[in-house]
Amino acid sequence: MEVAFTGDSVIDGGDGGGVSKSLAVIACTAMAILYVAILYAPTLILRLAPPDSFQSHLIRRFICAAISSVTSLIACSLILPIQWGKSHLSGVYGIRLDHIWQAVVFPLSLTSLMYAGTFILKLLLVLDSGQEDGGNGRSLSLDSIKNVVHEFIESVSSMASDISAWRNFFVAPLTEELVFRACMIPLLLCGGFNTYTVVFLCPISFSLAHLNHLLEYAQRSGSWLKALMIVGFQVGYTVIFGSYASFLFVRTGHLTAPLVAHIFCNYFGIPVIISRRTGMVTVASVAGLLGFIWFLFPLTSPNLYNATTDNCMCWHRYCSWS
């Protein structure tokens with residue numbers, strides 16, 4: 001399927017590309033609401049019986065998230081100033097196969113710097129385990145390596161049959177990036193919003209979409225205060241990550257960049273900054289943070305991810321953000 005832009009290329013701070021700011025905001029708000037509300041549609045609207053198992057519950061949610069994503073993609077294509085004929089529609093959403101290795105390797109390398117403390121802590125745990133094995137008369141290095149490799153292979157193989165792993169590392173990252181990055185960011189950019197406004201505005205709807213967990217946490221913990229604290233922390237974290245993911249999408253024009261970063265962060269969780277075991281973790285975390293700041297713009301340079309950075313359409317802003 002192919003599309004072409006109907007207007008001129010738009011630079012940062014322009015008047016947009018034929019989409020009003022109010023329409024862009026309304027559309028983004030509607031997409032965020034739909035993404036959450038549709039999860040409860042089967043029981044509240046369709047009056048279907050509650051799922052009889054956790055697996056059935058997640059599969060139902062997978063279907064709802066897929067419907068929401070497709071609906072948002074279609075709505076976005078109808079709102080944006082595009083017409084059929086000259087370039088691929090998928091490119092509007094950053095769904096591309098060109099420069100794929102750059103979109104995987106560079107964002108992963110950049111994101112991993114924020115987990116320097118986590119990696120050091122895991123390494124220390126492996127070394128401690130190896131020392132215990134050595135105390136039992138076994139080879140320190142060989143047994144440690146075997147255990148790490150064996151555990152890694154087991155964890156990867158178990159993910160294939162783990163429905164929760166499919167949610168955390170495939171369905172949730174993919175559908176969230178499609179809706180909150182691939183759809184919303186082009187709308188806001190074509191609406192004429194400043195680049196940094198888009199980078200920090202989009203994550204707000206992304207974080208608020210996680211408020212649906214409030215009731216779930218309250219029922220599980222039996223305390224609204226604990227639930228509010230958990231969700232509050234989660235919202236704050238998703239705002240930070242959402243800004244980073246939006247930054248990656250705008251800078252690279254490649255949906256793969258924020259997608260792999262999303263999967264990576266879901267796998268490793270919150271970065272470890274301080275550990276009571278040793279100050280090495282804190283030192284590594286600080287060094288990783290400094291490295292992240294230092295390489296943030298060089299490793300996301302638009303020239304690394306695009307054959308040309310001239311004459312961008314309104315839904316791409318990397319041409320004016322070198």
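The values are calculated or read from the model by the stated rules, or taken from the named source; none is laboratory data. It should be emphasised that the depicted structure is a prediction, and the values quoted were computed from it without experimental measurement. Cβ: placed from backbone, ideal geometry, glycine included. Neighbour counts: every protein chain shown. Quick note on the areas: whole protein, heavy atoms, side chains included, nothing else; ligands and nucleic acids left out. Shrake-Rupley method; radii C 1.70, N 1.55, O 1.52, S 1.80 Å.
What is the gain in length, in nm to one decimal, between Ser161 and His57 on full extension, counting 0.36 nm per residue of separation less the C-alpha to C-alpha distance? Please report the intermediate quantities before stating the final value.
Working: separation 104, 0.36 × 104 = 37.44 nm, distance 1.56 nm.
My answer for the length gained is 35.9 nm.
Give me the distance in nm between label points sitting 7 Å out from Cα along the Cα-to-Cβ direction at Val104 and Asp128, one decimal.
Roughly 3.4 nm, to one decimal.
Each label point is 7 Å from the Cα along the Cα-to-Cβ direction; what then is the distance between the points at Thr278 and Ser221, in nm?
Each label point is offset 7 Å from its Cα along the Cβ direction, giving 3.3 nm.
Under 5 Å between amide hydrogens, which residues at least 5 positions from Gly191 or on another chain qualify, with H placed 1.01 Å from N in the peptide plane?
Gly17
What spacing in nm lies between the two simple spin-label points modelled at Thr29 and Thr308, each 7 Å away from Cα in the Cβ direction?
Each label point lies 7 Å from its Cα, and together they span 3.9 nm.
How much solvent-accessible surface does Lys21 expose, in Å² to the nearest 10, with a 1.4 Å probe and all protein chains in place?
Accessible area, nearest 10 Å²: 110 Å².
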